[in-house]
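Only one structure is covered here, and it is reproduced in the block below.
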Amino acid sequence: MAAAKGRRSNSVRWRRRSGACRHRRMATGRGISFQHRQNTTASRLLVAALVAAPACGGPLGPIAGGRVAGNFNREAVSDWSFAAQHRHAALEVRPGAPYSVTVNFYLAGSHLYLDIGKHAGFHRWRRYIRADDRVRIRFGTEIYEAVATPVTDTAEIAALLPAYFAKDSSEPAPGCAPPFPVECFPDTVFVRLDAQSTRIRSATDHQQPGDIHE
């Protein structure tokens with residue numbers, strides 16, 4: 001009798017233990033399934049963003065895009081100071097097969113500058129702008145054409161450095177302050193954006209049907 005009772009007690013404990021394990025497995029399975037769905041959803045959203053970026057009218061944050069869309073402004077800009085209200089711009093390079101990125105820019109007086117680095121590195125847009133200096137740049141919804149002119153004058157570089165150091169993550173070396181001497185210059189290359197109308201433009205330039213409202 002006692003042996004039978006002991007067997008029943010062991011059986012009850014085993015069923016309880018098995019049930020608890022089953023519940024744990026089910027709960028764990030649900031957790032894994034939910035996490036998997038979350039990861040899958042995030043992956044799908046990222047893929048959708050990457051696919052849509054080239055077609056959505058320019059870069060999408062840090063994701064490069066294609067031809068920028070907006071209102072094409074045919075004005076030959078000589079004073080870029082209006083861009084001060086923006087922190088970043090959408091830059092389009094490589095006219096034959098437009099490639100666009102979000103970039104920092106630097107204002108000094110009426111001039112606008114970009115940092116294209118001493119070497120292109122893994123930044124494709126820097127390589128493209130070296131091969132073809134024609135660009136389009138968008139602030140808000142307005143698009144402007146320009147040419148990227150390398151800056152070699154030391155006085156001009158010194159004048160733009162306060163804006164560069166104020167916006168860029170780099171800091172001037174200790175003891176460097178305006179007016180910046182040459183030894184305080186960052187090891188990079190700057191270009192100035194000039195109105196494209198200052199050059200003779202070919203028929204293959206950016207102007208195409210649909211530029212005004214893309």
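Within region 93-101, identify whether any single residue is polar (S, T, N, Q) and touching a Leu at 6+ places or on another chain (Cβ under 7 Å), and answer yes or no. For region 93-101, residues polar (S, T, N, Q) and touching a Leu at 6+ places or on another chain (Cβ under 7 Å): present. For the residues V151, V147, V103, the requirement of being without any contact (Cβ under 8 Å) to a residue 24 or more places away in the chain and either touching a Gly at 6+ places or on another chain (Cβ under 8 Å) or closer than 26 Å to A76 by Cα (or both) singles out V103. Scanning region 153-172 for residues that are loosely packed, with under 11 Cβ neighbours inside 10 Å and at pLDDT below 95 returns A166, S169, E171. Just the residues that are part of a loop (DSSP other than H, G, I, E, B), more than 17 Å from G70 (Cβ to Cβ) and of a type in the set (G, A, S), please, taken from region 100-154. Within region 100-154, G109, S110, G117, A120, G121 qualify.
The values are calculated or read from the model by the stated rules, or taken from the named source; none is laboratory data. Predicted model only: the values in this text are computed from it and were never measured. Cβ atoms come from the backbone with ideal geometry, glycine included; neighbour counts cover every protein chain shown.
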